[in-house]
Amino acid sequence: MKIGLRGGHSPNCKGAIGILDEQAAVRAIYNALAPMLQKLGHAVVDCNSNANNVDAELSDGTNKANSNNCDIYVAIHMNASGGTGHGSEVWLYDAGDQMMNSMAENICGKFEQAGFANRGTKFSTDLHDLNASAMSAMIVETLFCDNAGDAALYSKLGTATGIARLIAEGITGKTVVAQKPVNNSKSKGEATMYCTYKITDLDKDKVYFFNGEKSYPLEHPDELKILQQIYLANNGHALPHFDWTSKAPWFARLKGAVTGEAPNFFAK
């Protein structure tokens, strides 16, 4: 089967931004998914886009799938809802398309087995990826990028590779053998000491970032989000967080253990 495959949006026309950056994450999922499908005997057509506006990046995808006479077209996305929504769903054009309905049900089932809420198969004739493709198409909404639970599952599964495996197995009905992860802990050194923390009895809303040497008070919620995104992308698991109190000043003990300096170590 020839599969037109695309990670939604474009580096120059971003999607939703939450705990995860949707566009960066789904492009990473594409990069992991394409070779999986190829190893299972399918041809993959790269339908990604680097366009700088929504109409262009959408058209790039369907035009590439159509011009290559793909058998099916698959677009990968993430939802967002202010942190409240969670789970996975698949959008189709035609409720009567038995092959695509079966694939969609399989994909949703795979995500459910991995711990995501199963939001099921949904249908629309208004979405570009579904109505502008000459072949049967689906939009896989893998998770909610601004939901902490979904982001934690993403990390637990091995980030993009784990999500790609669920989609590949849902589409093909075959098992993808997981590759043993490479342990890069020795090369990352002091990065393993990164964390965030709060001193709850002084200011329960103030978050500090410790970079292995100094603690920095974060002045805006987006500062915490971008640190969490980068750490997750680089390390494959969430940035550790601790809630401490001034009565048991572990933040000061942490600094003393790392550098031997006095307890007052906030960056100026």
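The values are calculated or read from the model by the stated rules, or taken from the named source; none is laboratory data. Since we're looking at a predicted model, the values are computed, not measured. Please note: Cβ atoms are built from the backbone with ideal geometry, for glycine as well, and neighbour counts cover all protein chains shown. Note: accessible area is taken over every heavy atom of the protein model, side chains too, but ligands, DNA and RNA are not part of it. Shrake-Rupley method; radii C 1.70, N 1.55, O 1.52, S 1.80 Å.
What figure in square angstrom, to the nearest 10, would you give for the accessible area of GLU141 with a 1.4 Å probe?
For GLU141, solvent-accessible area is about 20 Å².
What does the helix-only formula give at 222 nm for the chain: each DSSP H stretch with n ≥ 4 adding -39500 (n - 2.57), the total divided by the residues, and the result rounded to the nearest 500 deg cm²/dmol?
One gets -12000 deg cm²/dmol as the mean residue ellipticity at 222 nm.
Which whole-number percent is the relative contact order of segment 6-50 (Cα, under 8 Å, 6+ apart)?
47 percent
Label segment 137-181 by shape, choosing from rounded, prolate and oblate, from the square roots a ≥ b ≥ c of the eigenvalues of the Cα gyration tensor; if a/c is under 1.5 it is rounded, and otherwise prolate applies when a/b is larger than b/c, oblate when it is not.
It is oblate, given that a/c is not under 1.5 and a/b is not larger than b/c.
At R0 = 35 Å, how high is the FRET efficiency between TYR216 and LYS247 if r is their beta carbon distance? Nearest 0.05 is fine.
0.95
So between ALA95 and MET193, what do we pick up on full extension, going 0.36 nm a residue minus the alpha carbon distance?
Difference between extended and current length: 30.2 nm.
Sort MET135, MET100 from largest to smallest accessible area, using a 1.4 Å probe on the heavy atoms of the protein chains.
From most accessible down to least: MET135, MET100.
Quick one: how many Å² of TRP250 are accessible to a 1.4 Å probe, rounded to 10?
150 Å²
If a/c stays under 1.5 just call it rounded; otherwise compare a/b with b/c (prolate if a/b is bigger, oblate if not). Do that for segment 1-139, with a ≥ b ≥ c from the square roots of the Cα gyration tensor eigenvalues.
rounded
Could you tell me the center-to-center distance, by alpha carbons, between segment 132-159 and segment 15-30 in angstrom?
If we compute the Cα centre of each part, the gap is 9 Å.
Within the set of other residues whose C-beta is less than 11 Å from the C-beta of LYS225, count the net charge using Lys and Arg as +1 and Asp and Glu as -1.
Computed value for this residue: -4.
Can you say what percent of the DSSP beta bridges in the chain, counting only those with both residues inside, are antiparallel? Round to 5.
Antiparallel bridges: around 35 percent, rounded to the nearest 5.
Using label points projected 7 Å from each Cα along Cα→Cβ, tell me how many nm separate LEU40 and ILE230, to one decimal.
3.6 nm
Return a whole-number percent for the relative contact order of the chain, with Cα pairs under 8 Å and 6 or more residues apart as the contact set.
18 percent
Taking 8 Å as the Cα distance limit and 6 or more residues as the minimum spacing, I'd like the relative contact order of segment 104-176 as a percentage.
39 percent
Mind checking which of VAL44, CYS108, ILE17 is farthest towards the positive end of segment 1-135's charge dipole, using Cβ charges of +1 (Lys, Arg) and -1 (Asp, Glu) about the Cα centre?
Toward the positive end, the furthest listed residue is VAL44.
Once you place label points 7 Å from the Cα toward the Cβ at ALA134 and LYS156, how far apart are they in nm?
Computed distance between label sites ALA134 and LYS156 equals 4.4 nm.
Probe radius 1.4 Å, ligands and nucleic acids left out: which of LEU202, LEU127 has the largest accessible area, and how do the rest follow?
I get LEU202, LEU127, largest accessible area first.
Kindly state, to the nearest 0.05, the FRET efficiency for ASN50 paired with LEU202, given R0 = 41 Å and r defined as their beta-carbon distance.
The pair ASN50/LEU202 has a calculated efficiency of 0.30.
Does segment 93-158 classify as rounded, prolate or oblate by the C-alpha gyration tensor (a ≥ b ≥ c root eigenvalues; a/c under 1.5 gives rounded; else a/b over b/c gives prolate, otherwise oblate)?
It is prolate, given that a/c is not under 1.5 and a/b is the larger ratio.
Summing +1 for each Lys or Arg and -1 for each Asp or Glu, what net charge is found among the other residues whose Cβ lies under 9 Å from the Cβ of ILE199?
Local net charge: 0.
Scan (1) 52, 44, 37; (2) 67, 36, 31; (3) 58, 41, 38 for the value of Cα extents along the principal axes in Å calculated from this model and give just the label.
(2)
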